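Worksheet for the structure shown next.
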Amino acid sequence: MKKRNINHFMIRGIILLGFTILLIRLVLTGDLKFFIAPKMAPLTYFSIVAFLLMGIGQFWKNKTTNDDKHCDCNCKCGIDHGTSNSGKKSIIIYSLFIIPILTGIFFSNNTLDSAIAANRGVDLGNKMTNLNTSKSYNSNISQFSNSGQETYDVLNKNNTIYNNLVNSKKITVNDDYFTFTMNTIAQRLDLFLRKEIEYDGFVYRPDGFPHNQIVVARFGIYCCIADANIVGLLSTGNVSNLKDNEWVKVDGILDMTHYQGAVVPALRIKTIQKIPKPSDPYVYFK
């Protein structure tokens, strides 16, 4: 009985330290960005400390405790407080934790691509949050100015970006405000028609698209890759030679079209050129 409990403490300690090593590896290599949004990173740092302490705690129990101290096996309550006698059950349970650790440490990380996009569908702007006008932005800023400095600063910054977009003759979309820019264009398309826009993305051609149409897209992430959405513009031009997942820089004129019964932004391509895949292929919802 005692030996069995000691082995369980050891295995639990190894698993917890394994998760610690895995998270540290993701942080040090920069691969953490392939799994979660930057705003979630502090939770990862907390988890590293928590797993480390819990793992050390399991090793400490392995050294200092035995079954008699761990539980009162003679409490006569009719319930067995000891660890399971089933070796197969223990192997199955512990494998659920060990396998992800080993695959995370020893296998390379892959990013989401058009194959995933085909399963999740594309958001071309017909389901975006309503941004209304710059007047509503000013109203929102006034409404939330007393609810916290951080909220006020975010709204004020968004208002500045919104005004810059409206007043710009050419929109150059950067990664930091990619999702905000696309959302703004989708909801106030009337303000951006016939404006020139330039941005980077990967090629995605949904089934049924003609040879001269693609979506130049990015995966937008709220918290982690599990909630990733495709964000981009339906683009028309000389693109028949482009393949799915190739990265391009596209420059064109904003237009509108119908997609799945909704009016969505579209892009008439002026120039498009292949580029290397960026170090961080994702964009993030602020």
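The values are calculated or read from the model by the stated rules, or taken from the named source; none is laboratory data. Just so it is clear, the model here is predicted, and its values are computed rather than measured. Virtual Cβ from ideal backbone geometry, glycine too; neighbours counted across all protein chains shown.
Count, please, the residues in region 219-243 that happen to be over 19 Å from the mean Cα position of the chain (by Cα) and either surrounded by 16 or more Cβ atoms within 10 Å (Cβ to Cβ) or in a strand (DSSP E or B) (or both).
Adding up the residues that qualify gives 7.
Residue-wise test of (1) at pLDDT 70 or above; (2) out of contact with any helix residue (DSSP H, G or I) (no Cβ under 9 Å at 6 or more places or on another chain); (3) in a helix (DSSP H, G or I); (4) surrounded by 12 or more Cβ atoms within 10 Å (Cβ to Cβ).
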site	(1), (2), (3), (4)
ASN110	yes, no, no, no
GLU150	no, yes, yes, no
ASN159	yes, no, yes, yes
ASN163	yes, no, yes, yes
THR184	yes, no, yes, yes
ARG194	yes, yes, no, no
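Confirm whether ILE214 is touching a residue at least 24 places away in the same chain (Cβ under 8 Å), buried (at least 22 other Cβ atoms within 10 Å of the Cβ) and over 22 Å from SER114 (Cβ atoms).
Judged against the criteria, ILE214 is not a match.
Considering only region 257-274, state which residues are surrounded by 14 or more Cβ atoms within 10 Å (Cβ to Cβ), in contact (Cβ under 8 Å) with a residue 60 or more places away in the chain and closer than 18 Å to VAL173 by Cβ.
Listed by number, the residues that qualify are VAL264, PRO265, LEU267.
Restricting to region 249-280, give me the number of residues that are assigned to a strand (DSSP E or B) and under 17 Å from LEU124 (Cβ atoms). Spell out the reasoning first.
At the first step, the residues of region 249-280 found to be assigned to a strand (DSSP E or B) are 249-259, 262-274.
Okay, now just the ones that are also under 17 Å from LEU124 (Cβ atoms), so 250, 252-259, 262-269.
The number of residues fulfilling the criteria is 17.
Just to be sure before I move on: is ASP251 under 17 Å from ASP175 (Cβ atoms) and either of a type in the set (A, V, I, L, M, F, W, C) or modelled with pLDDT of 95 or more (or both) in the structure I sent? Reasoning before the result, please.
Values: under 17 Å from ASP175 (Cβ atoms): yes; either of a type in the set (A, V, I, L, M, F, W, C) or modelled with pLDDT of 95 or more (or both): yes.
So ASP251 fits the description; yes.
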